Amino acid sequence: MYKCYSFEIQNFTLWNSTSLGMTLTKNQEFKKYVVEGICLLYTLLFVYAAVSKLLDFENFQVQLGQSPLLSPFAIWISWIVPIAELIIALALIIPKFRSIGLLAALSLMIMFTTYIFVILHFSSFVPCSCGGILEKMTWNIHLIFNVVFIVLAAMAIVMHFKNRQEGTSGNIRFFPVRIILIIVVFSTAAIVVLFLSSEEIMHHQNPFIRRYPQHPIALKTTIDLKFNSYYFAGHANQKIYLGNFTDPLHMLEIDPISNQRKRIKIIVHSKDKHYKMVKIVIKGSYFYLMDGNIPFILRGGTADWRITKEFKSCPYFSIAQPIDSSTIAFRSGRGKNAEHVLGVFNPDSIPNKNYNEKLLQKQLDGVFDTDGILMGSENQKGMVYLYYYRNEFIAADKKGNLLSRGHTIDTISKAQIKVAFLKDRGERKMAAPPLVVNESAVISQNLLFVQSRIPGRFEPEKLWKQAEIIDVYNLSNNTYLLSLAVYKSQNKKLQYFYVTSTHFYALVSNELIIYDLKKIIRKEMKDIGLRKIR
C-alpha cells in the first residue's frame, strides 16, 4: 500500500514538472516571436529612413544645416545617422548581435525623440522636416510615433534578456531595466549637450550656417506706387513714409493697416537752396532735409511738415543720419588722401563737429574699402556703420566713441576689390567689379537687418535665384539670430527694405510689398540702446 502511494506521488511530480516545462517553453516562444516582430519593425524603419536620406543626401544635409540644434555638426551627423541606422538594422537581423542591436536601436530612438522634444519646447524656431518618414508627419505626431517605438524597444529588450536568463538570480533579472535607464539618461544627455553647444557656436562662433525659421514674415498686401523712384524716409505714428528722388520735397504717407495713401509737401521758406542729392530722413517727431554736397541740414516737425530750423556750420558729407533731435552722424572724405572718416555734428555743442578717424579701418585705399551704410539707432542712442565689402559693422555712441565691432556671419574679412589710381585726373576708380558682402541694412530697435550677397553653407543655389536673403543680428550682444528669405516678385530685384516693430516693407520696382512680422522676430525686439560689448 505504501509503495503504491509513493509511486503515484512520483508520477504526479514527473507530470507536473513536464507540464511546467512545456508552459515555460511556450512562454519563451511567445517572447521570442514578439522580439523578432519588434526587430523586424525596427529593421524596416531604419532601412527605409537610411535609404531615404542617402537617396536625397544633399537635401538631407541642407535641412540638417538649417536645424537650430544640429546645424554646426551637420556634415558629420548627415553621414553618421544613416550609416548607424543601417548597421543597427543589420545587427537586429543577426541573432548573435541582436542584444547589441536592440540596445543601440533604443538609444538612437531616444536621441531622435529628445531632439524633437527640444525643437518643440526649447528651440528658437521649428525648422522644416528632415526627410524620410518625418517629412510625412507633423513634429508632434512624429514625437508620439517615436515614443511608441521606444516602448516597443524597451519591451523587446526586457523579453530578450529574460529569455536568455531564465532561472538566473533576481539581481541578474533586473539587468535589462537598469541598462534601459542608463541608455535613457546618456542618450538624452548627449542631445542636450549638442543643443547647448550648438547655441553657443551659432550665436558667437558661427561657421557661416544660416537658420531659416518657418514663416518669420507673412505677406500682407502689395501696393502699386506707379513710379520706381521712391525710397524709405522713415516711419512715425505707425505710418511709413516714402521719399522721391525725382521730387525731393514731396513724400508719400502710407498706413499699413488701412493701406490708405496721402501725399505730403514739405514747406521750405528758404529760397536760396539748390538741391543736388537731397534726401529726407524721418526720426521720431522730426524730419530732416539733407544734402551733403551743398551742404545743408534742415529740420522740421511731422505735425505740419514745415522747416523750422537750419543747422548752421554744417560739414560736407557723403552720407548722414540723425541720432537725436540735434545730433547728426555723418561720413565725410576729409581724411588723409580724401579717405572716409566718421563723425558727429551738433550745432549746439562746442566744438560742433567731432571726427573719429579710428572708427573706420583702412585695408586698401581708405575710400572704396571703407564704403558702407550709416544708420542711426532707432532708440536714438548711437550709430551703426556696416561695410559693403567685408563682414564687419561698427557701433558708436552719439559722441562718436567706439562701443563695439561686430561681424556678419560670412567669412569675408578683407575687402575683395581692385582700385585703380588715375593720376592725370586725380581720381581713383574700381578696376574690377567688387565682391559685395552686405548690400543694404536697416536697424529696428535692437535688431540689425542685413541684406547679404554671400551664400552660406548648405544653401541651395535655387534659393538665391528665387529670394533675397536678410540676416538678423542682435545689437545688444552682437549675435546672429536668424535669416529670412524675401521671395522676388516676378523676378524683380529688391531695391530697398525697411523694418518697424510690426512690419517688413520692401520696395520692388514700382511696388511696395508689406509683410507682417511674426512672433519669432517681434519677441527679439527690445527698446534698449547700444552699449559697449565687454
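The values are calculated or read from the model by the stated rules, or taken from the named source; none is laboratory data. For clarity, every value in this text was computed on a predicted model and none was experimentally measured. Reconstructed Cβ throughout: ideal geometry from the backbone, glycine too, with neighbour counts over all protein chains shown.
Of the residues that make up the stretch 414-431, is at least one under 23 Å from Arg211 (Cα atoms) and either touching a Phe, Trp or Tyr at 6+ places or on another chain (Cβ under 6 Å) or without any contact (Cβ under 8 Å) to a residue 24 or more places away in the chain (or both)? Checking the stretch 414-431: not a single residue is under 23 Å from Arg211 (Cα atoms) and either touching a Phe, Trp or Tyr at 6+ places or on another chain (Cβ under 6 Å) or without any contact (Cβ under 8 Å) to a residue 24 or more places away in the chain (or both).
Quick grid of which residues meet (1) crowded, with 19+ Cβ neighbours inside 10 Å; (2) at pLDDT 90 or above:
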site	(1), (2)
Val184	no, yes
Glu199	no, no
Ile217	yes, yes
Lys220	no, yes
Asn228	no, yes
Ala233	yes, yes
Lys273	no, no
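Residues in the stretch 104-126 that are among the aliphatic types (A, V, I, L, M) and farther than 15 Å from Thr138 by Cβ: Ala104, Ala105, Leu106, Leu108, Met109, Ile110, Met111, Val118. Among the residues of the stretch 486-521, those that are buried (at least 19 other Cβ atoms within 10 Å of the Cβ), touching a Ser or Thr at 6+ places or on another chain (Cβ under 8 Å) and not in a strand (DSSP E or B) comprise Thr500, Ile520. When Lys462 is tested against (1) surrounded by fewer than 16 Cβ atoms within 10 Å (Cβ to Cβ); (2) in contact (Cβ under 8 Å) with a residue 24 or more places away in the chain, only condition (2) is not met.
Could you please let me know if Ile350 is under 30 Å from Thr308 (Cβ atoms), among the hydrophobic types (A, V, I, L, M, F, W, C), in the same structural domain as Asn477 (by TED's automatic domain parsing) and without any contact (Cβ under 8 Å) to a residue 12 or more places away in the chain? Against the criterion (under 30 Å from Thr308 (Cβ atoms), among the hydrophobic types (A, V, I, L, M, F, W, C), in the same structural domain as Asn477 (by TED's automatic domain parsing) and without any contact (Cβ under 8 Å) to a residue 12 or more places away in the chain), Ile350 qualifies. Of the residues that make up the stretch 256-265, is at least one at pLDDT below 90, hydrophobic (A, V, I, L, M, F, W, C), surrounded by 16 or more Cβ atoms within 10 Å (Cβ to Cβ) and farther than 30 Å from Ser99 by Cβ? Checked against the condition, which is being at pLDDT below 90, hydrophobic (A, V, I, L, M, F, W, C), surrounded by 16 or more Cβ atoms within 10 Å (Cβ to Cβ) and farther than 30 Å from Ser99 by Cβ, the stretch 256-265 yields no hits at all. Suppose the filter is closer than 30 Å to Pro322 by Cα and at pLDDT below 90; does Pro460 pass it? Spelling it out, it is not the case that Pro460 is closer than 30 Å to Pro322 by Cα and at pLDDT below 90.
Of the residues contained in the stretch 26-45, one or more are found to be within 30 Å of Tyr212 (Cβ to Cβ), modelled with pLDDT of 70 or more and assigned by TED's automatic domain parsing to the domain that holds Pro82. Only residues that are surrounded by fewer than 16 Cβ atoms within 10 Å (Cβ to Cβ) and over 16 Å from the mean Cα position of the chain (by Cα) were counted across the stretch 441-459, and they come to 0.
Table: residues versus (1) among the β-branched types (Val, Ile, Thr); (2) farther than 19 Å from Gln445 by Cα; (3) at pLDDT below 90.
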| site | (1), (2), (3) |
| --- | --- |
| Ser483 | no, no, no |
| Val486 | yes, yes, no |
| Thr500 | yes, no, no |
| Leu507 | no, yes, no |
| Asn510 | no, yes, no |
| Leu517 | no, no, no |
| Ile521 | yes, no, no |
| Lys526 | no, no, yes |
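Within the stretch 353-392, being touching a Ser or Thr at 6+ places or on another chain (Cβ under 7 Å) and of a type in the set (A, V, I, L, M, F, W, C) holds for Leu360, Ile373, Met383, Val384. Counting only helices (runs of 4 or more DSSP H) that fall entirely inside the stretch 69-179 and contain at least 2 residues that are at pLDDT 90 or above, the qualifying elements are 74-93, 98-121, 139-164. Applying the condition of being touching an Asp or Glu at 6+ places or on another chain (Cβ under 8 Å) and buried (at least 20 other Cβ atoms within 10 Å of the Cβ) to the stretch 315-359 and asking which residue is farthest from Pro434 (Cα to Cα) yields Val341. Residue count for the stretch 360-386 under the criterion of being of a type in the set (Val, Ile, Thr), farther than 13 Å from Lys414 by Cα and assigned to a loop (DSSP other than H, G, I, E, B): the result is 1.
Within the stretch 387-407, the set of residues being part of a loop (DSSP other than H, G, I, E, B), surrounded by 14 or more Cβ atoms within 10 Å (Cβ to Cβ) and either in contact with a strand residue (DSSP E or B) (Cβ under 6 Å, 6 or more places away or on another chain) or charged (D, E, K, R) (or both) comprises Tyr388, Arg390, Glu392, Asp397, Lys398, Gly400. Tallying residues that are more than 20 Å from the chain's Cα centre (by Cα) and surrounded by 21 or more Cβ atoms within 10 Å (Cβ to Cβ) within the stretch 51-77 yields 1.
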